[in-house]
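Participant: The structure follows.
Taken together, the values in this text are just the output of simple stated rules run on the coordinates, not laboratory data. In this text, all values refer to a predicted model and were calculated from it rather than measured experimentally. Neighbour counts are summed over all protein chains in view; Cβ atoms, including those assigned to glycine, are modelled from backbone coordinates with ideal geometry.
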C-alpha cells in the first residue's frame, strides 16, 4: 500500500457511520445499500457512497443480486480483518526511481539579479531566507521565502553566476544531502527557484 492508498483508506474509514457499515457487512454477509440503510437508519445515498468507497479501497467486494423486477448490487467484506500497512522501504524505493539520474543531469547556478538578497548563517553554511525586492517607487521587500535546513544548505552550495554550474547531485553532495527522498525534494526546490528566476537551469550534455 502506497501513501496515497493509505491516506484514502484511512479517510474513508474515519467517516461517520463507515465503521458501522463495515461491522454490519461482517455480521450479515452480502447486503445491498437499501438493506444497510434500513439497518443503520441512514440515507440510502449515504449507504451507496460508503459501499462504493469500501469497494474502491479493496475492503469490500460486490456482485449483482438478481431481483424479480430489478437487479441490485450487493456487498460483503473481503476479509474479517482490516489491515492498513505502510511499507516505507518499498515506498522509498519506488519514489527514488530515477532521482539520482535526474539530479546528475540537471546543471544549475545562481542567476544575475540585483533584486535578490539573502539572509544567511555563516557558521551553519546555509541560506535562511530569500528576499526579493521591488524597483523604483516599489523599492522594498516584495516577497520573502524562508528556507528549511536542506534547502538552505543546497542554495548555499549553489555556484555563483560567475562560476561554472554544478549538477543538482553535486550540490546535494556538497550540502550533505544523500537520501534519495531528500534529493527528490531538492529537485522540487530547484523548480521553485527556477520559476522565481533565482537560478538558471540547463541539462548536462
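Participant: Between residue 125 and residue 90, what is the FRET efficiency for a Förster distance of 45 Å, r being their Cβ-Cβ separation, to the nearest 0.05?
Facilitator: Values: r = 34 Å, r/R0 = 0.76.
Given R0 = 45 Å and the Cβ-Cβ separation, E is 0.85.
Participant: Mind checking the angle between helix 44-56 and the chain's longest principal axis? C-alpha axes, 0 to 90 degrees, to the nearest 10.
Facilitator: 60
Participant: Further, regarding this structure: Neighbouring Cβ atoms within 10 Å as the yardstick, rank 48, 190, 112 fewest first. It would help to have the intermediate numbers written out before the result.
Facilitator: Values: 48 16, 190 21, 112 10.
Final ranking by Cβ density, sparse to dense: 112, 48, 190.
Participant: How large is the helix-only mean residue ellipticity at 222 nm for the chain, computed as the sum of -39500 (n - 2.57) over DSSP H runs with n ≥ 4, divided by its residue count, in deg cm²/dmol to the nearest 500?
Facilitator: Details: 9 runs with 89 residues, N = 205.
It lands at -12500 deg cm²/dmol.
Participant: To continue, here is another question. Taking the C-alpha atoms of segment 146-205, how large are the radius of gyration and the largest Cα-Cα span, Dmax, in Å?
Facilitator: 10.8, 33
Participant: Let me ask another. Using only Cα atoms, find the angle between the long axis of helix 3-13 and the longest principal axis of the chain, and express it within 0 to 90 degrees, rounded to the nearest 10.
Facilitator: So the helix axis and the longest Cα principal axis differ by about 40 degrees.
Participant: Under 8 Å for C-alpha pairs, at least 6 residues apart: give me the relative contact order for segment 31-100, rounded to a whole percent.
Facilitator: 24
Participant: Related question: State the percent of C-alpha pairs, over all pairs in the chain, separated by a distance greater than 21 angstrom.
Facilitator: On the way: 13767 of 20910 pairs.
Of all Cα-Cα distances in the chain, 66 percent exceed 21 Å.
Participant: Normalised by the residues of the chain, what does the relative contact order come to in percent, with Cα pairs under 8 Å and at least six apart? Don't jump to the answer; show the numbers that get you there.
Facilitator: Numbers: 281 pairs, mean separation 37.7, N = 205.
Relative CO of the chain lands at 18 percent.
Participant: I want to make sure I understand the PRE zone here: with the label point 7 angstrom from the Cα of residue 61 toward its beta carbon, which residues in segment 1-34 have backbone N atoms less than 11 Å away?
Facilitator: none
Participant: Taking only C-alpha pairs under 8 Å that are 6+ residues apart, what is the relative contact order of segment 97-203 in percent?
Facilitator: Numbers: 170 pairs, mean separation 37.8, N = 107.
Reported as a whole number, the value is 35 percent.
Participant: Helix 180-195 versus the longest principal axis of the chain: what is the Cα-based angle in degrees, 0 to 90, to the nearest 10?
Facilitator: The angle comes out at about 60 degrees.
Participant: Separation between the residue 195 and residue 148 pseudo-spin-labels, each 7 Å from Cα along Cα→Cβ, expressed in nm?
Facilitator: Reported label-point gap for residue 195 and residue 148 is 1.7 nm.
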